[in-house]
């Protein structure tokens with residue numbers, strides 16, 4: 001899943017209107033971050049944006065493809081828990097897809113269009129962050145004796 005430096009720079013250039021988007025190498029690809037929160041992935045010179053229950057329908061309605069980290073692995077082998085967080089579509093989906101979707105090809109040459117799709121990922125990332133903060137606040141610490 002290597003990403004060429006030229007592709008990474010091209011995507012960062014198109015996403016410049018969003019703000020200070022950064023990348024971090026991960027698992028052979030790169031994560032796209034805004035304000036420290038991951039909202040996208042770069043893998044094999046393709047870009048994918050984060051989805052969740054709120055925005056996955058938008059990606060699916062446009063007939064866009066989810067990120068498949070193991071495209072050559074047969075889909076007959078199920079994950080132990082395909083409904084776990086980060087996997088789109090629940091148990092009926094390909095168990096090797098993740099909750100990130102590729103934007104339309106046209107967006108790779110149109111910064112405004114790419115930023116519209118990227119904002120869906122940023123919003124999903126913000127919603128996930130709020131859930132994580134809320135769950136940390138509700139955890140009860142054991143009392144010290």
- Restrict the check to the range 23-30 and report whether at least one residue is closer than 22 Å to residue 128 by Cα, surrounded by fewer than 17 Cβ atoms within 10 Å (Cβ to Cβ), at pLDDT 90 or above and more than 13 Å from the chain's Cα centre (by Cα). yes
- Query: If you take the residues of the range 43-57 that are buried (at least 17 other Cβ atoms within 10 Å of the Cβ) and touching a helix residue (DSSP H, G or I) at 6+ places or on another chain (Cβ under 6 Å), which of them is nearest to residue 2 (Cα to Cα)?
  - Reply: 47
- Message: Being loosely packed, with under 12 Cβ neighbours inside 10 Å, in contact with a helix residue (DSSP H, G or I) (Cβ under 7 Å, 6 or more places away or on another chain) and at pLDDT below 55 is the filter here; which residues of the range 84-131 pass it?
- Response: none
- If we ask which residues in the range 5-27 are in a loop (DSSP other than H, G, I, E, B), on the phi < 0 side of the Ramachandran plot and in contact (Cβ under 8 Å) with a residue 40 or more places away in the chain, their number turns out to be 1
- Query: Do you know which of the residues in the range 61-75 that are surrounded by fewer than 20 Cβ atoms within 10 Å (Cβ to Cβ) and touching a strand residue (DSSP E or B) at 6+ places or on another chain (Cβ under 8 Å) is modelled with the highest pLDDT?
  - Reply: 64
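The values are calculated or read from the model by the stated rules, or taken from the named source; none is laboratory data. Predicted model, so just to flag it, every value in this text is computed and none were measured. Using ideal geometry, Cβ is built from the backbone for each residue, glycine included, and neighbour counts are taken over all protein chains shown.
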